[in-house]
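Heads up, the thing below is written out as structure tokens.
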Amino acid sequence: MTIQPGTLYLIPCTLGDTEASQVLPQHVIDIARSLQHYVVEQPKTARQFLSSLRHTHPIQSLHFATLNEHTATAELPELLAPLLAGRDVGIISEAGCPGIADPGAELVNLAHQKGIRVIPLVGPSSILLALMASGLNGQCFAFHGYLPIAEADRNRTIAALEAESSRRSQTQMFIETPYRNDKLFAALLAQCHAHTQLCVATDVSLVSEQIQTHSIAQWKTRPAPLLNKRPSLFLLLARR
């Protein structure tokens, strides 16, 4: 008898200590609570998240497989084993939506190749929320992840992104390790043209959320935002 594969659910996670009910629809919470098999970035935080949802099964009875930046491509088929055996599985990243700036994308791609149904569930994405609130071009945008750490390489990258933004009227989006946010912010003020628009989105969806968009010239006249050790996104749009 042929076994029908299970469904792979992409389960969004809160971006911080926000109550799940404030950012996740009830049907998403219900699905997350009903599963017994998960693929997660960090089992500890995934257990905490599911505990906060009041999972219908004891947390210690759930099955967690780890998928992070250290997972080799050769290990991915093993993560699909429960699905191929007919069980539903949920992917949970550390924060936000699986598959977006997240190692889950490769597993989702493999699931499609194996004929496994993939269902994305509604939840918070800091990238999209920041873009929505920025007032910058939401018709044409690109997310670049982390910029280079070395100062010279970072400055060259900033110049290239600003030039591309001007050429295409494209919003450029990127992030930094929270303890290096202040250095990146200072580099943007030093390297970008006066009329370039810069949005800094910090602690998106949290009580401490701050999202501001100003020109580089305006930013230079304002107190620097408090960014150290706070998850932030940077968005720039060069005005022609």
Among the numbered conditions (1) crowded, with 16+ Cβ neighbours inside 10 Å; (2) modelled with pLDDT under 95; (3) over 21 Å from the mean Cα position of the chain (by Cα), tell me where ASP88 comes up short. (2)
When both residues are 6+ apart or on different chains and their Cβ atoms are under 9 Å apart, which pairs have a first residue that lies in the stretch 153-176 and is more than 23 Å from ASP102 (Cβ to Cβ), and a second that is among the hydroxyl-bearing types (Ser, Thr, Tyr) and outside any helix (DSSP H, G or I)? GLU162/THR196; SER165/THR171; SER165/THR196; SER166/THR196
Among residues of the stretch 202-236 being hydroxyl-bearing (Ser, Thr, Tyr) and under 27 Å from GLN139 (Cβ atoms), the residue surrounded by the most Cβ atoms within 10 Å (Cβ to Cβ) is SER232
Enumeration of residues in the stretch 117-140 that are surrounded by fewer than 16 Cβ atoms within 10 Å (Cβ to Cβ) and part of a loop (DSSP other than H, G, I, E, B): VAL122, GLY135, GLY138, GLN139, CYS140
If I filter the stretch 185-206 for residues that are free of Cβ contacts under 8 Å to residues at least 12 places away in the same chain and under 17 Å from SER134 (Cβ atoms), do I get at least one hit? no
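Rundown of residues vs (1) part of a strand (DSSP E or B); (2) over 22 Å from SER205 (Cα atoms); (3) among the polar types (S, T, N, Q); (4) touching a strand residue (DSSP E or B) at 6+ places or on another chain (Cβ under 7 Å), yes/no style:
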residue: ALA46; (1), (2), (3), (4): no, no, no, yes
residue: PHE64; (1), (2), (3), (4): yes, yes, no, yes
residue: ALA74; (1), (2), (3), (4): no, yes, no, no
residue: LEU83; (1), (2), (3), (4): no, yes, no, yes
residue: ILE100; (1), (2), (3), (4): no, no, no, no
Those residues that are of a type outside the set (D, E, K, R) and over 23 Å from the mean Cα position of the chain (by Cα), I need them from the stretch 135-186; list them, please. ALA150, ALA152, ASN155, ALA159, ALA160, ALA163, SER166, SER169, ALA186
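The values are calculated or read from the model by the stated rules, or taken from the named source; none is laboratory data. Nothing here was measured: the structure is a model prediction, and the numbers come from that model. Ideal geometry is used to build each Cβ from the backbone, glycine not excepted, and the neighbour counts take in all protein chains shown.
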